[in-house]
Amino acid sequence: MNLTVGAPLFSLGSVLRPTRYNRISISAVTIIQSSSSPSPSSPMEEQQQHPKRVVVCGGGVIGVCTAYFLAKKGAAVTLVEKYEVACAASGKAGGFLALDWCDGGPVGPLARASFNLHRALSEELDGLQSYGFRALTTLSLTLTESNNTPYGSRSSSVPSWADGPARSPRSLGTRETTAQVHPQLFTRTLINKAVENYGVEVVIGKLERVEVEGGGVRGVGLEGGRVIDAEAVVLALGPWSSKLDLLSSLFRVYGLKAHSIVLEPKQPGAITPHALFLSFYPSQGGRPLDPEVYPRPTGEVYICGMSAEEEIPDNPEQIWGDPESIRMLKRVAKTLSSHLGEGEAEMKAEQACFLPCTDDGLPVIGEIPGIKGCYVATGHSCWGILNAPATGAAMAELVIDGHSSIVDLKQFSPARFDKRRKAYDDYMSNAKSLFA
Ligand SMILES: Cc1cc2nc3c(=O)[nH]c(=O)nc-3n(C[C@H](O)[C@H](O)[C@H](O)COP(=O)(O)OP(=O)(O)OC[C@H]3O[C@@H](n4cnc5c(N)ncnc54)[C@H](O)[C@@H]3O)c2cc1C
């Protein structure tokens with residue numbers, strides 16, 4: 001069993017100097033100011049001369065994408081993560097991406113923009129090699145467990161390695177509309193690039209409070225007393241958003257615990273790039289389950305499902321999978337394919353993590369009412385890996401330019417939680433400095 005996700009990328013209190021910020025020395029600014037050029041007028045020019053200091057809190061895929069795009073736009077960015085980059089859902093998710101599965105709802109344009117940004121990022125960062133980006137064929141299948149699972153492929157549209165009793169194949173997506181990344185490698189590749197190319201500083205520390213003065217953000221205070229000054233703060237704490245009074249007084253984010261296993265079959269070459277959405281009927285009856293199966297270019301096969309609302313522990317490393325849920329995912333694997341049964345595949349991980357969910361099912365992306373310069377990005381539920389690039393790029397525009405052109409963020413604004421505003425207003429009026 002392997003519940004950990006590797007050695008920390010950054011040690012406690014490590015300071016990786018922002019190279020862009022350093023290059024803009026005081027003398028360089030003085031020279032520009034004393035020249036005959038007109039004062040900068042565009043936000044980009046302004047950014048180049050006086051990079052906005054932004055602290056992004058939370059080293060999941062949403063915080064990392066936000067830090068990446070902010071720094072690329074010229075901001076001097078510090079990312080604060082309490083344990084390790086991609087230690088929670090962003091390191092343990094499936095990494096499935098779909099162009100059009102959110103169409104017809106408010107998230108549709110965000111998802112489309114993000115799917116296309118994933119493609120562009122993959123070209124920029126050699127996605128296949130760096131983090132397993134690739135196109136997929138996606139099917140739904142019905143799978144009924146029996147005590148004597150007969151192996152042998154049933155229909156030509158079912159991939160040959162899914163040689164268990166799979167029925168009713170239906171196409172859900174093509175290589176043009178569905179794809180995947182390895183979410184932990186994606187998130188860590190992006191933060192490494194953000195550090196190397198755009199001077200992002202990563203600090204391992206726990207956000208305790210947002211410092212506010214005169215209705216505007218002034219910085220953040222970390223556990224242990226360190227204060228980091230900032231002109232803007234982005235809170236991307238995933239399901240831990242609920243632990244910060246500033247956010248929980250305005251809206252509810254709850255954690256939905258979901259389980260996954262990662263298997264390494266002895267014959268990885270037999271496993272084709274097909275994502276499978278199953279309706280699984282267990283042999284003892286009971287309600288059917290909806291596990292998802294994602295083969296990865298690393299040769300591994302990821303299977304997830306089995307979710308329930310649960311209180312989230314403070315430490316992501318103390319999120320354990322429920323043994324019964326893990327056992328059920330193993331039964332799914334064994335029933336689906338002779339390549340995934342015991343003895344045929346090595347178990348690489350048995351794990352669980354929390355989806356960040358909101359009451360209206362929509363992400364919360366925008367400036368927090370009443371605190372100028374304080375932003376939130378969370379609540380992406382089961383689509384956080386898909387929607388992270390467009391969320392990050394839109395947030396970067398919002399912070400630097402004051403509005404987003406990539407996607408209209410109005411419907412995701414935290415200002416929509418009007419019903420809870422009374423508690424929030426009381427909280428605001430009592431707070432001189434906001435302690436979370
Ligand atoms: C089983 C499963 C499968 C999934 N599959 C997919 C999929 O195929 N496709 C898809 O698009 N999405 C998928 N998702 C959803 C996706 O994983 C999430 O939406 C996404 O990872 C959320 O990212 P986040 O950055 O908001 O939160 P997280 O990844 O939870 O990151 C939050 C970070 O904030 C840090 N933090 C919290 N509090 C503090 C603090 N006070 N100070 C400093 N740091 C703090 C945490 O340590 C953590 O690193 C899946 C989720 C699960 C559970």
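Taken together, the values in this text are just the output of simple stated rules run on the coordinates, not laboratory data. Values in this document were obtained by computation on a predicted structure and should not be read as measured data. No Cβ is skipped: glycine too gets one built from the backbone with ideal geometry, and neighbour counts run over all protein chains shown.
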In the neighbourhood of Leu278 defined by beta carbon distances under 12 Å, the net charge of the other residues (Lys, Arg +1; Asp, Glu -1) is 0
About its Cα centre, the range 67-185 carries a charge dipole, from +1 on Lys and Arg Cβ atoms and -1 on Asp and Glu Cβ atoms, whose size in debye to the nearest 20 is 120 debye
Of the residues Trp320, Tyr302, Cys353, the Cα lying farthest along the dipole of the range 289-363 towards its positive end, which is defined by charges on the beta carbon of Lys, Arg, Asp and Glu, belongs to Tyr302
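Under unit Cβ charges (Lys, Arg +1; Asp, Glu -1), what dipole magnitude, rounded to 20 debye, does the range 214-261 have relative to its Cα centre? If you can, show how the numbers build up before the last one.
Numbers: 5 positive and 4 negative charges, 45 e Å.
The dipole magnitude comes to about 220 debye.
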Computed for the range 77-137: size of charge dipole around the Cα centre, +1 on C-beta of each Lys and Arg, -1 on C-beta of each Asp and Glu, debye to nearest 20, value 140 debye
The range 164-198 scanned against label point 7 Å out from Ser157 along Cα→C-beta; backbone N under 18 Å for 164-178
Candidate cut points under GluC sites (Glu not before Pro) in the range 253-335, DSSP loop plus at most 12 other Cβ atoms within 10 Å of their own Cβ, are Glu311
Placing each pseudo-label 7 Å from Cα in the direction of the beta carbon, Asn116 and Gln267 end up separated by a distance in nanometres of 4.2 nm
Extend 7 Å from the Cα of Ser307 along its Cα-to-C-beta direction; within the range 94-109, residues with backbone N under 13 Å of that point are 94-96
Between Glu124 and Asp360, Cβ-based FRET efficiency (R0 41 Å, step 0.05) works out to 0.75
Pairs over 22 Å Cα to Cα, from Lys193/Lys243; Lys92/Lys410; Lys82/Lys193; Lys52/Lys92, come to Lys193/Lys243; Lys92/Lys410; Lys52/Lys92
